[in-house]
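Q: Take a look at this one; I'll ask things after.
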Amino acid sequence: MWELIKLLFSGEAELSPEEKAIEKWAEAVKDSNWVRLHTMAREDDLTPPEFFDKVAEAYCYVYAAGVEPKRNDAWTAFRKTLENMHYPLLSDSIAIRAKEGN
């Protein structure tokens, strides 16, 4: 996961189509661009649970990289929701962030 995080936020790496999709969602989360997130969900014809999973995955990547939206009650609540759900990718993200010193 850490290798992908470094690629996503380096700006110069060649990404696979799957990694580019993750990057697109992660950038929208990092920018706290809910309009873009909802637009992408409509473009991909995602159900509400699929949309939640995409946002959760993207949030975990930006959290691990230390570039999550700060001082934003909505994102703080979202992170708390993931913690309360014991979302596995968040656990990995917290460990990576602690290990990398962000």
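The values are calculated or read from the model by the stated rules, or taken from the named source; none is laboratory data. Since the structure is predicted, the reported quantities are computational estimates derived from the model, not experimental observations. Note that each Cβ is placed from the backbone with ideal geometry, even for glycine, and that neighbours are counted across all protein chains shown.
Rundown of residues vs (1) more than 13 Å from the chain's Cα centre (by Cα); (2) surrounded by 13 or more Cβ atoms within 10 Å (Cβ to Cβ); (3) farther than 25 Å from K99 by Cα; (4) modelled with pLDDT of 95 or more, yes/no style:
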| position | (1), (2), (3), (4) |
| --- | --- |
| E3 | yes, no, no, no |
| L7 | yes, yes, no, no |
| S16 | yes, no, yes, no |
| P49 | yes, no, yes, yes |
| D53 | no, yes, no, yes |
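Q: Test of understanding: among A58, A64, which residue is small (G, A, S), in contact with a helix residue (DSSP H, G or I) (Cβ under 6 Å, 6 or more places away or on another chain) and in contact (Cβ under 8 Å) with a residue 40 or more places away in the chain?
A: A64
Q: Follow-up question, since we're still on this one. Restricting to segment 65-91, name every residue that is surrounded by 13 or more Cβ atoms within 10 Å (Cβ to Cβ), at pLDDT 90 or above and part of a helix (DSSP H, G or I).
A: Correct list: W75, T76, F78, R79, T81, L82, L89, L90, S91.
Q: Of everything in segment 75-94, what is within 20 Å of R36 (Cα to Cα) and in contact (Cβ under 8 Å) with a residue 40 or more places away in the chain? Give them in sequence order.
A: W75
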